[in-house]
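None of the figures in this text is laboratory data; all of them are computed from the coordinates on show. This structure is a prediction, so every number in the text was calculated from the model and none was measured. Reconstructed Cβ throughout: ideal geometry from the backbone, glycine too, with neighbour counts over all protein chains shown.
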Amino acid sequence: MSNLNETHDKNLKSWVETANIKGSEFPIQNLPFGIFKSIGSKDIGQAGIRIGDQIVVLEKLLQCSVLRGKAEVAALKSRGGCLNPLMELGHDYWSELRKQVSDFLKYGSKPFTHSDVLIPIADVEMCMPAQIGDYTDFYSSINHATNVGKLFRPDNPLLPNYKHIPIAYHGRSSSIRVSGYATRRPIGQIKNADATEPVLSVCDKLDYETELGVFVGSVNDLGEIITLDQAEEHIFGCCILNDWSARDIQAWEYQPLGPFLAKNFATTISPWIITKEALIPYRCKSYKRPLADPKPLPYLNSRTHERLGGLDIDFEVSIRTEKMRKENIPAMVIGRPPFKDMYWTISQMLTHHTINGCNLRSGDFYGSGTISGSEKNQLGSLLEVTEGGKTDIVFPSGEKRKFLKDGDEVIMKAWCGGGDDLIKIGFGECRSIILSALEI
């Protein structure tokens, strides 16, 4: 498990002035990775590191001979429009690149003009940061699982296996898109409660799910298990994930094998990968289970993990309707879910994924499942907020919603810290507007 180093120093400042503004999401302590291209360009994109309102172009650092050793190798591997080859190198290479970029950006070490190595974020559009081979979505919030379970099984909301095993399903990687890409309302088989037969229809109960996305870095061979205390070294970083869900399609199809068309039509992620190393100061105790709960099996438990397995990340999800945009009304916050309350951690998820010998590849991706806290204002999906559509959300525009309508924009944000003791590490935004369904 990695430790704090000089890149985490809260007193560190950069010669990029916008990185030093109090509350900035991208201070020098963050330095997330992403792939970008010039606005309107048809290029495959290139790798960069976010600092303030600028991007450090890794190709320009190579051209200026700034990087050495493992950092140079890592930057060379970032060429080609995706970060997969960089991810595969492993923690030592990621960490050394982060350190040398931090040294280059820190106040007092500015050797070039801004235009030599930087490009303003306003001049680019963001691309998918990696080629995602496989995508797995977990179900790791006990609050969310309980809330949803109560809608269908009021007397027994949690199934018997939930507290023993990280539940997951395999998703569809081909429909994952980066923030800003519009989401098309899906079509599928729907069977209403009072109907005898299903019909092919447009989804009427479109929902979001607020999640943390995790990118796998270094790999394991087929048959090799990644232990719990090794898991962190195999995680490259995290982003925000919106797991769009068609609740009416899901209600008809999910038994007996779980989600299919209700989930695979779209998934949206934020463009910047916040490295696991940047998140080290925000590790916290893993979820403290009640004494009556079963203790995790030994492969899912360790003293180190109990002490530092959790992550203290705050999320916020808001909606802005088309009418609100036209009337210049700000987005309305629907929920602020805390990630530290997750029943299963991202390391437990990774370890469980490989306990049967499943091999993971660089760029593989998994989601935490919907994040929900224990309070009404901490819910991560409309299914929970409206109690399955029984109640309305009322917006400042006078509009009401049980589920999402065409033209609605869902905006998710996430961050760590921001108080007196810890620098704020932001994840940026994950946003998308709902488009109407195609004609059947």
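Nearest 500 deg cm²/dmol is fine: what mean residue ellipticity at 222 nm does the chain get from its DSSP H runs of n ≥ 4 alone, each adding -39,500 (n - 2.57), divided by its residue count?
After summing the helix terms and dividing by residue count, I get -5000 deg cm²/dmol.
Restricting to Cα atoms and excluding each atom paired with itself, what does the Kirkwood estimate give for segment 1-125 in Å?
Values: mean 1/r = 0.0678 Å⁻¹.
In segment 1-125 this quantity evaluates to 14.8 Å.
Around Thr370, under 9 Å between beta carbons, what's the net of Lys plus Arg minus Asp minus Glu among the other residues?
After counting each charged neighbour, the total is -4.
If we count other beta carbons within 10 Å of each Cβ, what is the order of Lys22, Lys402, Lys10, fewest first?
Lys22, Lys10, Lys402
Relative to the longest principal axis of the C-alpha atoms of the chain, give the angle of the C-alpha long axis of helix 91-105, reported between 0 and 90° and rounded to the nearest 10°.
60
Calculate how steeply helix 142-152 sits against the longest principal axis of the alpha-carbon atoms of the chain, using the helix alpha-carbon long axis, and give the answer as 0 to 90 degrees to the nearest 10.
The angle comes out near 20 degrees.
I need the shape label for segment 392-440. Rule: rounded when a/c is under 1.5, else prolate if a/b > b/c, else oblate, with a, b, c from the alpha carbon gyration tensor.
Note, shape of segment 392-440 comes out oblate.
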